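So the structure is just underneath, and the comments pick up after that.
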Amino acid sequence: MSESHKSCPECGDRIKGRADKKFCSDACRNSYNNKLNSDVNATVRNINNSLRKNRRVLESLWQVDKDFVRVSLAQLSKAGFDFNYFTQIYTTKTGNVYFYIYDFGYRKLEEEKYLIVRNKTE
């Protein structure tokens, strides 16, 4: 197919310019790719929102002068914490399992009690 017969997959206009050009403009390229990725972006956006919310909850319960904080399941639930979203799992040499949301971690202690820790990366 020659350059003169190529049409933009977004708007259908004739493409002018380089032989390997696929869209007539940056606006059409962006629009096409946004439509193509919209479902994926919505999923990623929702997961990131849940992760950010979980981190905000842990941060709101954090006490700056402490190495760890004990909280109840009720406190976490009332603040809207979602246990389904975390960024990593860390198991200590003694077998304690911590679930991390970026720099904040938590682990279940006993029934309805949790320990919150924070990695100091500064």
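Every number here is computed from the coordinates shown, using simple stated rules; none is lab data. Just so you know, these numbers come straight off a predicted model, no measurement behind them. Cβ: placed from backbone, ideal geometry, glycine included. Neighbour counts: every protein chain shown.
For this structure, a couple of remarks:
- Counting only residues at least eight positions apart within a chain, or on another chain, the aspartates and glutamates with an alpha carbon under 14 Å from that of Lys21 are Glu3, Glu10, Asp13.
- Take 66-75, 102-111 and order them by the average number of nearby Cβ atoms within 10 Å per residue, most first; the result is 102-111, 66-75.
- Pairwise Cα distances in the range 17-118 exceed 22 Å in 46 percent of cases.
- Within the same chain, lysines fewer than 8 places from Lys66 are excluded, and of the rest, those with a Cα less than 25 Å from its Cα are Lys53, Lys78, Lys93, Lys108, Lys113, Lys120.
- Label positions at Gln88 and Asn48, each projected 7 Å from the Cα along the C-beta direction, are separated by 2.0 nm.
- Burial order of peptide ranges 10-19, 81-90 (average beta-carbon count within 10 Å, highest first): 81-90, 10-19
- Compared with the dominant Cα axis of the chain, that is its longest principal axis, helix 26-61 is turned about 10°.
- Residues whose placed amide H lies under 5 Å from that of Arg118, excluding near-sequence neighbours: Gly105
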